[in-house]
Amino acid sequence: MADKASENEKEETKKPAGSMLPIIIMLVAMPLTAWLATQHIIVPQIKKNLGLETRDDGKNADHESSSHEAGEGKEDPDDKGEETSAANTELVEKVRVNVKNTNGSRFLYVSYLIKGKMPEFAKIKKSQEKMAMIRDTALGLLMSFDIAELGQIETKNRAGAMMISAFNDDLGGDYVEEIFFTEWTVQ
């Protein structure tokens, strides 16, 4: 009798391991799929629509060099507009910021595009000192948000508005027109 009772207990405690496999696959595949789609489909389309080409070091590449490498020998009448657009923008990629009140355990990863006013912003872009000042100001502003704020949709818009105001204050004029966030990830 005791043997039958112990056998019944063993049968009851056994759980099928196969039922966890779909959950494990989903937990691994879904974030991986989302990351791959963002990095290889969505971000390149945004860059293409904004007329930006980037090199591996994160700086903007000239439109002419990318079109020559692609074998495009024809001149496009819109090329001048794209060149002025590229001279009027600065893409800052892969910035990591510590989130406020998390003791360095949570991070905000952002990439953003600064759209300046022509022709003044083209001069600002050439100054390493002023671009470093812009990056430092952006880090300070982004570090001021806590984890609860970063989860809210309107925080990104508020951060962009604060960055525009702070950049223009630091530069001493009305140089920055818009900020576009191409990546906003909290980890």
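Here are the numbers for this structure:
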| item | result |
| --- | --- |
| Residue match in the range 161-171 (condition: crowded, with 17+ Cβ neighbours inside 10 Å, β-branched (Val, Ile, Thr) and farther than 15 Å from TYR109 by Cβ) | yes |
| Unmet criterion (only one of (1) surrounded by fewer than 16 Cβ atoms within 10 Å (Cβ to Cβ); (2) of a type outside the set (Val, Ile, Thr); (3) modelled with pLDDT of 85 or more) for LEU91 | (1) |
| Residue that is farthest from GLU93 (Cα to Cα), among those in the range 114-172 that are in contact (Cβ under 8 Å) with a residue 12 or more places away in the chain, part of a loop (DSSP other than H, G, I, E, B) and hydrophobic (A, V, I, L, M, F, W, C) | MET118 |
| Selection from the range 1-21 of residues that are at pLDDT 75 or above and surrounded by 10 or more Cβ atoms within 10 Å (Cβ to Cβ) | MET20, LEU21 |
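Quick grid of which residues meet (1) within 26 Å of HIS40 (Cβ to Cβ); (2) over 20 Å from the mean Cα position of the chain (by Cα); (3) among the basic types (Lys, Arg):
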site: THR102; (1), (2), (3): no, yes, no
site: ALA122; (1), (2), (3): no, yes, no
site: GLN128; (1), (2), (3): no, yes, no
site: PHE145; (1), (2), (3): no, no, no
site: GLU183; (1), (2), (3): yes, no, no
site: VAL186; (1), (2), (3): yes, no, no
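The values are calculated or read from the model by the stated rules, or taken from the named source; none is laboratory data. Remember, it's a predicted structure, so these values are computed and weren't measured experimentally. Cβ atoms come from the backbone with ideal geometry, glycine included; neighbour counts cover every protein chain shown.
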